[in-house]
Amino acid sequence: MKPASTHHATFVIERHYPATPARVFKAWSDPAAKARWFSADGDWKSSGHRLDFRIGGHEHLRSTAPDGVYHIYDAHYLDLVPDQRIVYAYTMHLGETRISVSLTTVEISTAAGGTRLVFTEQGAFLDGYDNVAQREAGTHELLNSLGRSLPD
């Protein structure tokens, strides 16, 4: 058995969306709206997305890559301020192996022409299965998808 390892890292991504803070918040809080941008893309397949968006609530998503390997995302909501802030902790699994544990804060505010979103993730990447560069790149893609999903 190889020795356990942990790499801690933080990243911050800022985005501007031409939508109101209420619309951006709804894209996170409404199950149908979130499924439009958060579920698997391309050749990936998603199943079992559940969203209980409230303090103490849980979110679960299982996604399967084209090679058949599945990933599981499990989040717990810790703090919610409508149209302003979302704080949650989540784990990622690769198959049955936990690969990371993260604390994420999404800050939403009014900005010229729409909404400023600041996404901050503090992660513990476990045993070399994942790293901050991969997670940050994936998050950029998710936030791009979020922007495309916002209705006109």
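For this structure, a couple of remarks:
- When the range 11-46 is limited to residues that are of a type in the set (Ser, Thr, Tyr) and over 14 Å from the mean Cα position of the chain (by Cα), the one that is surrounded by the most Cβ atoms within 10 Å (Cβ to Cβ) turns out to be 17.
- Residue in the range 126-148 that is surrounded by fewer than 14 Cβ atoms within 10 Å (Cβ to Cβ), of a type in the set (Lys, Arg) and under 20 Å from residue 27 (Cβ atoms) present: yes
- Members of the range 1-15 that are among the charged types (D, E, K, R) and at pLDDT 95 or above: 14, 15
- Residue 108 vs. criteria more than 15 Å from residue 27 (Cα to Cα) and modelled with pLDDT of 90 or more: no
- Any hit, the range 33-55, residues being hydroxyl-bearing (Ser, Thr, Tyr), touching a Leu at 6+ places or on another chain (Cβ under 7 Å) and more than 30 Å from residue 128 (Cα to Cα): no
- Within the range 83-121, considering residues that are hydroxyl-bearing (Ser, Thr, Tyr) and touching a residue at least 40 places away in the same chain (Cβ under 8 Å), the one farthest from residue 34 (Cα to Cα): 110
- Here is the figure for the range 79-94: residues that are over 27 Å from residue 64 (Cβ atoms), surrounded by 14 or more Cβ atoms within 10 Å (Cβ to Cβ) and of a type in the set (Val, Ile, Thr) total 1.
- Just one residue in the set 97, 104 is closer than 19 Å to residue 135 by Cβ and buried (at least 16 other Cβ atoms within 10 Å of the Cβ); that residue is 104.
The values are calculated or read from the model by the stated rules, or taken from the named source; none is laboratory data. Since the structure is predicted, the reported quantities are computational estimates derived from the model, not experimental observations. Methodologically, a virtual Cβ is constructed for each residue, glycine included, from the backbone with ideal geometry; neighbour enumeration extends over all protein chains shown.
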